[in-house]
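S.K.: Once you've had a glance at the structure underneath, I'll fire off some questions.
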Amino acid sequence: MSTDLPPPFGLTLHPEGTATVALPLSSHASGVDLCLFDASGAERRLPFTDRLGTTWWISLPTGTVAPGTRYGIRVSGEGHNHAKLLTDPWAKAFDGKLDWLTKPGVHGLADPTDTAPFVPRSIVVDSTFDWADDVRPKTVWTDTVIYEVHVKGATMTHPDVPADLRGTYAGFCHPAFVGHLAALGVTAVELLPIHHHVPEERLAGLGLTNYWGYNTLGFLAPHAAYAHAPAGTDAVRECKGMVKLLHEAGIEVILDVVYNHSCEGGPGGAALSFRGLDPNGWYRPYDTTGCGNSLDLNQPAMLSLVMDSLRYWVEEFHVDGFRFDLATTLARGRRGDFEAAGVFLNAVAQDPVLATVKLIAEAWDVGDGGYQVGSFPAPWAEWNDRYRDLMRDHWNNAPRPLGAVARRITGNPDLFAASGRRPWSSVNLVTAHDGFCLRDLVTYNDKHNEANGENSRDGSNDNRSWNHGVEGDTDEPKISSARSRTQRNLLATLFISQGTPMLVAGDELGRTQGGNNNAYCLDSEVSWIDWANVDTALLDFVRALLLVRRTSAVLRQREWIADAGAQWFAPDGSEMTIARWDDPEGCGLQLLLHGNEASEDRLVVLHEWITSECFTLPAGEWVLLLSTALTNDAPVVVVDGIWEPQFPTLAVFARR
């Protein structure tokens, strides 16, 4: 059957059993084969029969393909290599692993070797799934608490998750782990990449892998290895089941997506999919990602793929949002400059499907003009590394002027207010998957990345960490106590700040990576959550902290804090002056947030330095809800007038 207009890109299986496959190719392509593989691996080739411009397609009669059929693509023509078996960029599932080692160099376009034995197959999927009465939680931004987590690492050592489910989609939504999330009080999980990904050739040669998943092969396919039974389309079904069960618990699912580069490496690299279809049509001529290539969303085919992928995950998997890795690269125009009203951001802005979900930008890349925090348009939120850096400096023995601290605590109006956005636009964080985890941030001055195979050259050198006097673990009580206090101070500041807080999985448990600040390639106990050595006191504190935030509306306001809604006081109870705001030696601050009723008032007291100082609280009686200086079983303290905190402390009071 032939048609005048091309069908949608990728393989589309129609209800009556017919199918179409359409792909965008280079203008030099002279022929395309659809390669079908039977259970024994035997290959059958069917030539594409229709073409319009650079789009080629084939219409398949009933019974040619069915759910579970394995397939690939071969392209002929100038600059192409028919020996390279390519995956479909629109494939919805994959089977098989990428073999880098048996024949090095086999995947390059110039190599004449048939790559069929060395690459994964695309799979035809059955997209039906019983969603029953699934309802997205649709948590408003002001109530959102994000938990950044790796699907596999979350449960690999969890004693209450069955051994055969650990590290899988099914394990992730097991009641033992979902119960932890619910008890903690997070409202959304932000999953490190679950698009199907493969390791880099260099890592494979070292016996390592891309554990974090920032090396995508398929933007519409869930990663096969996270399925309990990773065969055929099991990953699709199990991933949907995970989302459904998380929704039942009231937890949103946000995907970390990597549309800025692919797994094919730099110029002269592998032809696994994009490069084999059009050697020059998917990538920018320069790299702004630091990963060897940068995908160009100004190219119609690439933009179509990204938009199709985003809509597919919302409509077919019911996900609730996306965090865009190196989002500046996505928003670069044809001349390479960041464009807030450019092709990609405009495409997202007009899309009715994407208007229903959360959008978060990592607003930087490594190219010229790449740092764009504060520049993305509404309704985007952004990871705020300025918040991260200042808070690390402030609590790690390098206090900053109180004016700068106040701007970060009140939602970063200097970054987001002028563009008409709101405090929730700032995704506040003190740690993330890359860099030191929280415990290591207070335990190491230097990175210890020897296990990564690069002689510790990898990973950031700008950690703003503090080992409190000893590098690494110690039994010294004073140092251990100080480290615990600093962790609590950082976490408390995060959750009392206006904006959207993000907690990294395991930080609430005292997880360590042994000083490795770039464990992207370590699929091991180094990266997994350690459920055997939980800091229960820290966990109880974080639960209490999230409860204070959840029950204190003034800590999560929708609008910018107006003068009438907040008052600032020095430790002696007097109002802050310009000189005090700019004084780098200032060591204390009080923030009074007024609620609709007096009982809803909250007083936040920060006391940064070790020097003793009394605080004169605002008039009235105050109940101490939480203090980083006290153990969790301390009695509730009612104070009136003078309060003398212990050294570096953050405290939250409610008016009695």
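The values are calculated or read from the model by the stated rules, or taken from the named source; none is laboratory data. It should be emphasised that the depicted structure is a prediction, and the values quoted were computed from it without experimental measurement. Cβ sites come from the backbone with ideal geometry, for glycine too, and all protein chains shown count toward neighbours. Quick note on the areas: whole protein, heavy atoms, side chains included, nothing else; ligands and nucleic acids left out. Shrake-Rupley method; radii C 1.70, N 1.55, O 1.52, S 1.80 Å.
S.K.: What FRET efficiency would be calculated for the residue pair residue 470, residue 398, taking the C-beta separation as r and a Förster radius of 22 Å, to the nearest 0.05? Provide the component values of the computation, followed by the final result.
M.R.: Details: r = 18 Å, r/R0 = 0.84.
The computed FRET efficiency comes out at 0.75.
S.K.: Under a plain spin-label model, where a point goes 7 Å from the Cα along Cα-to-Cβ, how far apart in nm are residue 616 and residue 579?
M.R.: Going from the residue 616 label point to the residue 579 one covers 1.7 nm.
S.K.: Taking H as built 1.01 Å from N, whose amide H comes closer than 5 Å to the amide H of residue 283, not counting residues under 5 places away?
M.R.: 296
S.K.: Given a 1.4 Å probe, how much area per residue of the range 165-265 is accessible, in Å²? Walk me through the numbers on the way to the answer.
M.R.: On the way: 2380 Å² over 101 residues.
That works out to 24 Å² for each residue.
S.K.: Cα atoms only: what Rg and Dmax, in Å, come out for the chain?
M.R.: Both quantities, over Cα of the chain: 26.5, 85 Å.
S.K.: Could you go through the range 542-554 in sequence order and give the Karplus-derived ³J(HN,Hα) for each residue, using 6.51 cos²θ - 1.76 cosθ + 1.60 with θ = phi - 60°, rounded to whole Hz, and x for Gly and Pro?
M.R.: Going residue by residue, I get 5, 4, 5, 5, 5, 5, 4, 5, 5, 9, 10, 4, 6 Hz, with x marking Gly and Pro.
S.K.: Given only helices, namely DSSP H runs of n ≥ 4 each adding -39500 (n - 2.57), what is the per-residue ellipticity at 222 nm of the chain, to the nearest 500 deg cm²/dmol?
M.R.: Numbers: 15 runs with 134 residues, N = 656.
After summing the helix terms and dividing by residue count, I get -5500 deg cm²/dmol.
S.K.: Hey, for a label at residue 346 modelled as a point 7 Å past Cα toward Cβ, could you say which residues of the range 365-407 have their backbone N under 15 Å away?
M.R.: Flagged as within label range: 377.
S.K.: Right, next: Got a sec to turn the phi values of the range 296-305 into Karplus ³J(HN,Hα) couplings, 6.51 cos²θ - 1.76 cosθ + 1.60 with θ = phi - 60°, whole Hz, x for Gly and Pro?
M.R.: Couplings: 10, 7, 7, 7, x, 5, 5, 5, 4, 4 Hz.
S.K.: Further, regarding this structure: Would you please put 375-386, 47-58 in order of how densely packed they are, using the mean number of other Cβ atoms within 10 angstrom per residue and starting with the highest?
M.R.: Ranking, from highest mean packing down: 375-386, 47-58.
S.K.: Something else now. Show me the ranking of peptides 572-580, 390-398 by mean Cβ neighbours inside 10 Å, starting with the highest.
M.R.: 390-398, 572-580
S.K.: Once amide H atoms are placed 1.01 Å from N in the peptide plane, what residues at a sequence separation of 5 or more from residue 147, or on another chain, have their amide H within under 5 Å of its amide H?
M.R.: Here 188, 189, 190, 503 satisfy the definition.
S.K.: What are the residues whose amide H is under 5 Å from the amide H of residue 353, where those residues sit 5 or more places off or on another chain and H is modelled from the backbone?
M.R.: Placed amide hydrogens put nothing under 5 Å from residue 353.
S.K.: From the phi angles alone, apply the Karplus equation (6.51, -1.76, 1.60; θ = phi - 60°) to the range 58-63 and give each ³J(HN,Hα) in whole Hz, x where the residue is Gly or Pro.
M.R.: 9, 10, 10, x, 3, x
S.K.: Tell me the per residue accessible area of the range 465-550 using a 1.4 Å probe; a whole number in Å² is fine. Walk me through the numbers on the way to the answer.
M.R.: On the way: 2840 Å² over 86 residues.
Here the per-residue accessible area is 33 Å².
S.K.: Report for the chain the percent antiparallel among DSSP-assigned beta bridges with both residues inside it, nearest 5.
M.R.: Numbers: 64 of 90 bridges.
Among the beta bridges of the chain, antiparallel pairing accounts for roughly 70 percent.
S.K.: Ok, one more. Where the accessible area of the chain is counted over protein heavy atoms with a 1.4 Å probe, how much of it, in %, is carbon and sulfur?
M.R.: The value for the chain is 52 percent carbon and sulfur by accessible area.
S.K.: Rounded, prolate or oblate: which fits the range 340-388 when a ≥ b ≥ c are the square roots of the eigenvalues of the alpha-carbon gyration tensor, with rounded for a/c under 1.5 and prolate only if a/b beats b/c? Mind showing how you got there, number by number?
M.R.: Details: a/c = 2.83, a/b = 1.52, b/c = 1.86.
Oblate is the answer for the range 340-388, as a/c is 1.5 or above yet b/c matches or exceeds a/b.
S.K.: Using r as the Cβ-Cβ distance of residue 536 and residue 644, and R0 as 22 Å, what FRET efficiency do you calculate, to the nearest 0.05?
M.R.: Details: r = 28 Å, r/R0 = 1.29.
Between residue 536 and residue 644 the formula returns 0.20.
S.K.: Chymotrypsin sites (Phe, Trp or Tyr not before Pro) within the range 245-287: which are DSSP loop residues with at most 15 other Cβ atoms inside 10 Å? Could you put the intermediate results ahead of the total?
M.R.: Details: sites: 259, 274, 282, 283, 286; in loops: 259, 282, 286.
Answer in residue order: 286.
S.K.: For the chain, take the longest principal axis of its alpha carbons; what is the angle in degrees between that and the long axis of helix 477-496, to the nearest 10 within 0 to 90?
M.R.: So the inclination is approximately 70 degrees.
S.K.: Is the C-alpha gyration tensor of the range 539-631 telling us rounded, prolate or oblate? Criteria: a/c under 1.5 is rounded; beyond that, a/b larger than b/c is prolate, otherwise oblate. Walk me through the numbers before you get to the answer.
M.R.: Numbers: a/c = 1.73, a/b = 1.18, b/c = 1.47.
Here the range 539-631 falls in the oblate category.
S.K.: Averaged per residue, what accessible area in Å² does the range 276-428 show with a 1.4 Å probe, protein chains only? Write down the numbers at each step before the final one.
M.R.: On the way: 4980 Å² over 153 residues.
Result: 33 Å² per residue.
S.K.: May I ask you to compute the full-extension gain from residue 51 to residue 656, defined as 0.36 nm times their residue separation minus their alpha-carbon distance, rounded to one decimal in nm? It would help to have the intermediate numbers written out before the result.
M.R.: On the way: separation 605, 0.36 × 605 = 217.80 nm, distance 7.48 nm.
Value of the extension gain: 210.3 nm.
S.K.: Ordering 325, 133, 523 from largest to smallest accessible area (1.4 angstrom probe), what's the sequence? Can you show the working numbers first?
M.R.: Values: 325 15, 133 125, 523 55 Å².
Of 325, 133, 523, the descending order of accessible area is 133, 523, 325.
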